[in-house]
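Below is one structure, written out as structure tokens, with a few remarks after it.
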There are 2 protein chains.
Amino acid sequence: MADYEIFELRQVVLQCGLTLPQVKLAYKTYGELNATRDNVIVMPTFYGAQHAENETMMAAWRTLDPKKYFIIVPNMFGNGLSSSPSNTPPPFDRAVFPNITVYDNVVCQHRLVTEHLGVKQVRLVVGFSMGAQQTFQWGAMYPDLVQAIAPICGSARTSPHNYIFLEGLKAALAADAAFAEGWYQAPPIKGLRAFSRVYMGWVFSQDFFREQEYRKMGFASLEDSVRFLEGYFRRRDANDLLAMLWTWQHADISANIIYKGDFAAALRAIKAQAIVMPSETDLYFRVRDNELEVEQMPNAELRSLPSIWGHVAGLGVNPADNEFIDAALRELLAK
Amino acid sequence: MADYEIFELRQVVLQCGLTLPQVKLAYKTYGELNATRDNVIVMPTFYGAQHAENETMMAAWRTLDPKKYFIIVPNMFGNGLSSSPSNTPPPFDRAVFPNITVYDNVVCQHRLVTEHLGVKQVRLVVGFSMGAQQTFQWGAMYPDLVQAIAPICGSARTSPHNYIFLEGLKAALAADAAFAEGWYQAPPIKGLRAFSRVYMGWVFSQDFFREQEYRKMGFASLEDSVRFLEGYFRRRDANDLLAMLWTWQHADISANIIYKGDFAAALRAIKAQAIVMPSETDLYFRVRDNELEVEQMPNAELRSLPSIWGHVAGLGVNPADNEFIDAALRELLAK
């Protein structure tokens, strides 16, 4: 039995120009909307993740308490629960699933939150990694609706180097002939393993491995730790992974009809109180990129995670990082 | 016509336990040994490179002047000129070419330099990347022979993260079914492309791409720059690349009969005057690793390249970095 709901949208016109006749937005809510309707938190998902993964963060960042808040977790398109290559019927299935942007995601999430769930005010949008990219997009598109944002280990626009890193992942997966340009019958296992191994170099920091921090995650050896991501990605569909990867590569809060590519204008529009939290040792979502973004945001503070866990600092698994993030979220919610 | 010489060694016992009946060490010399025999520079090659690539550096670091010095460039095993999977007859060919260490390389290079070329004193060993790893090995094994060393963008031991990064490269190449576990008839092109694309994320820094420094290399676009490494690696043999990758992953100046894994002892043995030059933004050969090494070396200085060119800072292509390195080499040779 599914532990989530589906919000169905019809005739969704995507930025790429295609119209999807039927779109499924899978979501889960935690807690209850209070009488004054001012306890809403929106928490988008990250790359490859589903709402279940966000629950890890909710447990880690204790401020995100369903006893107090009404927390809405919309699943990102391509994640296998919301519309994705793996669950969409022809002619939009698998290798020909349309390119979906962060903007497309957030427009649909906004309809879920306002039309379907009747929310008039969002106390906080918070997300990790691609969840942070959606968080920035919420802030830029709905400044009057969103009171605070907390983008964690993610940027408002994907940097050129981040794009290149993702090119490597894509090439590693597609190098497997079993991938068959997306028309595989059985999962391209060698490609998924290569994808995971390439990713492993990026997701932690160099210092993380030198200091053998992986032992704190319960891995006895370096090789054990390499299997970590493989377990995560082997459960995913290859086309789904590539669909989300496209979304990631093209993330830019200004690449839409509202801001027409004026990135500074999109950042200036984010009126929400913001604490932007990159990890000091993240290898692809860099402090410097967030710094340049925060400079343009009227109500934002840059607060870098002093961590050697790289990108994973924001995943909700390292106690010290969890404390740091939780304190910032408490601060935003107290205001 | 070949522009290099071959030094042949017979019955070479490798660290892995295998004995190669016939080993080819390809080398090229530049300039002349002077009357006092004290103008020798040894300059090992880097990953995927041959002596021709070292010529770029000689031109860039003008102190390395063949009019003044006798410069010996030994080609690393696996590089396609010295003994390699691609040029060794059965039963040591292709996928079953033995694992060769940095130690094995340097033992053979030492025989070339002393037995074959009659050198009694080495003024300087200098190398970039894996060339730096061989440079450290020269210093640790032949402290009475080597007067100065200049390891550039390389470490005395491959760090755990560096190992993981290389695991990703290997998996990307091997994901191509055409690779056929090394028994391919035609080059595994998809695998080699994936290998190059993964590598591209690592070889420069994040800032390099943000600042569009690739324009200074003559690339008009980000995508142009991605083709850069593909051109380099597509010319190589896949098994050769994996042989050198194994050498790289297992580099450790103490992993031998002399130091028996005592890394600190091996570092302490390096009596040579050393200027160790990591690049501040190198993503796999890290400043921190060199720093920990230099602390143990009796006669060494850490001098980081203030560059956003990442690992490529040491390749001899960026004028500012070339000046920096050239000045250090001049200093070492002046003493």
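The values are calculated or read from the model by the stated rules, or taken from the named source; none is laboratory data. Everything quoted here is computed from the prediction, not taken from an experiment. Don't worry about glycine lacking a Cβ; one is built from the backbone with ideal geometry, like all the others, and counts go over all protein chains shown. Quick note on the areas: whole protein, heavy atoms, side chains included, nothing else; ligands and nucleic acids left out. Shrake-Rupley method; radii C 1.70, N 1.55, O 1.52, S 1.80 Å.
Laid out as a table, the results:
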| quantity | calculated |
| --- | --- |
| Bins of 10 Å, starting at 0 and running to the largest distance - Cα pair percent for the protein assembly as shown | 3, 15, 24, 23, 16, 11, 6, 2, 0, 0 |
| Ascending list, in nanometres, of distances separating the residue B:87 label from those of the other copies (7 Å, Cα toward Cβ) | 5.6 |
| Descending Cα extents along the principal axes, segment A:144-199, whole Å | 48, 24, 17 |
| Top of B:273, B:185, B:206 by mean-square fluctuation, Gaussian network on chain B, Cα under 10 Å | B:185 |
| Global form of segment A:1-147, assessed from the alpha-carbon gyration tensor, a/c cut-off 1.5 | prolate |
| Accessible solvent surface per residue of segment A:198-335, calculated while the other protein chains remain in place, 1.4 angstrom probe, Å² | 38 Å² |
| Candidates B:56, B:135, B:158, ranked by Gaussian network fluctuation over chain B, Cα under 10 Å, top entry | B:56 |
| In order through segment B:301-313: 3J(HN,Hα) via Karplus (6.51 cos²θ - 1.76 cosθ + 1.60), integer Hz, x for Gly, Pro | 10, 8, 9, 6, 6, x, 9, 9, 7, x, 4, 5, 3 |
| Copies compared at residue A:296 - label distances in nm, ascending, label defined 7 Å from Cα in the Cβ direction | 4.7 |
| Extension reserve of the residue A:13-residue A:116 stretch, reckoned as 0.36 nm per residue once the Cα distance is removed | 35.2 nm |
| Pairwise FRET efficiency - residue A:219 versus residue A:258, Cβ, R0 = 41 Å, nearest 0.05 | 0.35 |
| For residue B:42, residues with placed amide H under 5 Å, excluding near neighbours | B:72, B:124, B:125, B:126 |
| Per principal axis, descending, Cα span of chain B in whole Å | 54, 50, 43 |
| 5 angstrom amide H check on residue B:256, placed H, neighbours 5+ away | B:261 |
| Across A:67/A:216; A:24/A:260; A:120/A:271; A:67/A:271; B:28/B:68; B:28/B:335, pairs whose alpha-carbon gap is larger than 19 Å | A:67/A:216; A:24/A:260; A:67/A:271; B:28/B:335 |
| Accessible area in square angstrom per residue, segment B:50-161, 1.4 angstrom probe | 29 Å² |
| Percent accessible area from carbon and sulfur atoms, segment B:85-146, protein chains only, probe 1.4 Å | 53 percent |
| Solution diffusion estimate, µm²/s, Stokes-Einstein, segment B:127-277, Kirkwood Rh from C-alpha pairs, 20 °C, viscosity 1.002 mPa s | 124 µm²/s |
| Amide H within-cut-off set for residue B:301, under 5 Å, with H built and near neighbours excluded | B:274, B:275, B:276 |
| For the pair B and A, total buried accessible area rounded to nearest 100 Å², probe 1.4 Å | 2900 Å² |
| Selected from B:34, B:256, B:54 as most flexible by GNM, with chain B as the system and alpha-carbon contacts under 10 Å | B:34 |
| Per-copy distances of the residue A:37 label point, shortest first, in nm (7 angstrom along Cα→Cβ) | 9.3 |
| Peptide B:204-212, shielding by other chains (average Cβ, 10 Å cutoff) | 5 |
| Label-to-label distance, nm, for residues given as residue B:3 and residue B:327 (7 Å Cα→Cβ offset) | 3.1 nm |
| Relative contact order (%) - criterion: Cα under 8 Å, at least six apart; region: segment B:1-48 | 31 percent |
| Theoretical ellipticity at 222 nm over chain A - DSSP helices of four or more residues, -39500 (n - 2.57) apiece, nearest 500 | -11000 deg cm²/dmol |
| Segment A:241-301 and segment B:41-56: distance between their alpha carbon centers, rounded to Å | 42 Å |
